[in-house]
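Q: Attaching a single structure in structure tokens format; questions to follow.
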Amino acid sequence: MLGRLKENRDFCLHALRGMPGVTIPEPDGAFYLFPKIEGLTDSFEFCRRLLMETKVGLAPGVAFGAGGEGSVRICYAADRTILEPAMERLGLYLKDWRA
């Protein structure tokens, strides 16, 4: 299980680091990532629209305190067959969102 989680973490880190305007710290533990999205001022609305338009569910950073605004939380404990299309859809959504 730990091996699968590490593979999922590495996959998501690689995908997120390839997305323009996304910065992500190296995670310390758990099975979540907390990327910051440049220019994001309403993480709740961003996550709501992402879910409605792409069926990708992320947690808004603001739900974790005021310091989380501008970020989103991604759980990478899902199966890879879910993570791969989710990262692809997130990347495409961010391209349109930034345009």
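Q: Report, to the nearest 10°, how far helix 80-98 tilts away from the longest principal axis of the Cα atoms in the chain, using its own Cα long axis and a range of 0 to 90°.
A: For 80-98 against the chain, the angle is about 20 degrees.
Q: If you don't mind, there's one more thing I want to ask. How much length would be gained if the chain were fully extended between Glu38 and Glu53, taking 0.36 nm per residue of separation minus their Cα-Cα distance, in nm to one decimal?
A: Length gained between Glu38 and Glu53: 3.4 nm.
Q: Could you derive backbone 3J(HN,Hα) for segment 9-17 from the dihedral phi with the Karplus parameters 6.51, -1.76 and 1.60 (θ = phi - 60°), listing whole Hz in sequence and x where the residue is Gly or Pro?
A: Taking θ as phi minus 60°, the curve returns 4, 5, 4, 5, 4, 4, 4, 5, 5 Hz for segment 9-17.
Q: Next question. When ligands, DNA and RNA are left out and all protein chains stay put, how many square angstrom of accessible area per residue does segment 41-83 have with a 1.4 Å probe?
A: That works out to 54 Å² per residue.
Q: If you roll a 1.4 angstrom probe over the protein chains with everything in place, what fraction of the accessible area of the chain belongs to carbon and sulfur, to the nearest %?
A: Solvent-exposed carbon and sulfur of the chain make up 58 percent of the total.
Q: Between Ala66 and Phe31, what FRET efficiency comes out of the Förster formula 1/(1 + (r/R0)^6) with R0 = 30 Å and r the beta carbon distance, rounded to 0.05? The partial results should precede the final answer.
A: Working: r = 24 Å, r/R0 = 0.81.
The calculated FRET efficiency here is 0.80.
The values are calculated or read from the model by the stated rules, or taken from the named source; none is laboratory data. Not measured: the values here are computed from a predicted model. Positions of Cβ are backbone-derived with ideal geometry, glycine not excepted, and every protein chain shown enters the neighbour counts. Accessible surface is based on the protein model in full, side chains and every heavy atom, while ligands, DNA and RNA are left aside. Shrake-Rupley method; radii C 1.70, N 1.55, O 1.52, S 1.80 Å.
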